[in-house]
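Student: What follows is a single structure, and I will ask about it in a moment.
Readers should treat all values here as calculations from the given coordinates under stated rules, not as data from a laboratory. Given the structure is predicted, the values throughout are model-derived calculations rather than measurements.
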């Protein structure tokens, strides 16, 4: 029997690509028209438990779902949350996640790319769906709300080339 669970978690973002303007267009994601993704560092152990209790897999293709990451961001462990731009079967099941501005409290106000890219350490609430079916589980980033914004800063490398 198939079932979808919806959960919200509070934590910190790293390498957030959640807008059309900064979609991950790596060749690995070309078959789905690009992918929106973010490393999400939960703030509490309870959120990690909630994630797995909802049916998220502990590993996919031999790779752990919860990974060790940057010390000082949340608990120092992260999930890679993602959402494909296009779904191979369902026409209206893709696109960028909705991003809201909760910097002054809960609201329906949207956060846009022009308001500022979401830098490493941005505090946010994420809403995730976990679909559990006969063949396994699918985790999908649905929405994100910015609580405390950290501006994204472009890195300059020694060779002078500006990279993402």
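Student: Run the numbers for residue 58 and residue 151: contour at 0.36 nm per residue of separation, minus the present Cα-Cα distance, in nm.
Tutor: Stretched fully, the residue 58-residue 151 segment lengthens by 30.3 nm.
Student: Does the range 3-148 classify as rounded, prolate or oblate by the C-alpha gyration tensor (a ≥ b ≥ c root eigenvalues; a/c under 1.5 gives rounded; else a/b over b/c gives prolate, otherwise oblate)?
Tutor: Rounded.
Student: Can I ask one more? Of all DSSP beta bridges located in the range 3-148, what percent are antiparallel, nearest 5?
Tutor: 90 percent
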